[in-house]
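The values are calculated or read from the model by the stated rules, or taken from the named source; none is laboratory data. It should be emphasised that the depicted structure is a prediction, and the values quoted were computed from it without experimental measurement. Cβ: placed from backbone, ideal geometry, glycine included. Neighbour counts: every protein chain shown. Please note that ligands, DNA and RNA were not included when accessible areas were found on the heavy atoms of the full protein model with its side chains. Shrake-Rupley method; radii C 1.70, N 1.55, O 1.52, S 1.80 Å.
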Amino acid sequence: CHNIEHKTEIYATIAVIPDGYTAEELDQYVIDARSGVDALFNTEPYKSYIDYFNVWILKVPSAESGARISDGSTEEKNRDCYFQSSWGASNYGNMKANANRVFNFVSENCPDIVNGVHNIKDVPVLIIINDTRYGGIAWNYDNGKTYCMVPKSYDGKKIKWSYPSVEAASETAVPDNTREVTQAEIEAMGINKGTWRNTLVHEFGGHSIGKLGD
């Protein structure tokens, strides 16, 4: 495993694992993982709290490159990837991995868990997936366990998304108190552009670590 910067006082630990990277592709995975983690810690509030985090980049090869297809599509082969990451060819709403395999692997290989500093319930897990399909999802469990799946979607290309259609009614509004976004606001905001790393910050930083809803 790789540790970005081991700290003597550990307040929080993050574990990063690969899926769909063959043994020959693991060097590229480390590059991808570091770039994703860099994006996270270049974003507030993580940027201000970077010294509180210990990040472990764990390695394990998959037999084949890429992730599985879960909707019966015959467009691509059903990949033999280590954590069995899968989602539909055109729908990422059903993205899942083998949660037991994910949590067992991290529990057995993350040094901060092995050494008794933390347990798996305290360590958010980020899966970097060697697949070009768009997607991203965080699975949070009542016992505190969480893993997040982010494919290296369209690497080198920009992902576009527009202004949301609803907005909080005010800065102090309760979650269900919303209003429709006006056309003027949509035109003023325009279209945002980013890469899969922006998805990583949203899904992993917002949902897995921050436990925030959309």
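Points to keep in mind about this one:
- Amide H contacts under 5 Å for Ser85: Arg68, Asn98, restricted to partners 5 or more places along the chain or on a different chain, H placed in the peptide plane at 1.01 Å from N.
- Shown here is the pair-distance distribution of the chain: with all Cα-Cα distances grouped in 10 Å bins from zero up to the longest one, the shares run 8, 32, 35, 18, 7, 0 percent.
- Neighbour count of at most 11 Cβ within 10 Å plus DSSP loop: longest GluC sites (Glu not before Pro)-free window in the chain: 76-170
- R0 of 41 Å, Cβ-Cβ distance Glu108-Lys193: FRET efficiency to nearest 0.05: 0.55
- The length gained on full extension between Ala63 and Arg179, counted as 0.36 nm times the residue separation minus their Cα-Cα distance, comes to 36.9 nm.
- For the chain, the fraction of 1.4 Å probe accessible surface lying on carbon and sulfur atoms is 47 percent.
- Segment 186-214 versus segment 87-136: alpha-carbon centroid distance in Å: 19 Å
- Along the chain, longest interval not containing exposed chymotrypsin sites (Phe, Trp or Tyr not before Pro), exposed being DSSP loop plus at most 13 other Cβ atoms within 10 Å: 50-140
- Average accessible area per residue (Å²) across the chain - probe 1.4 Å, nucleic acids and ligands excluded: 54 Å²
- Figure legend: label point modelled 7 angstrom from the Cα of Val166 along Cα→Cβ; residues of segment 194-214 with amide N under 12 Å from it are 214.
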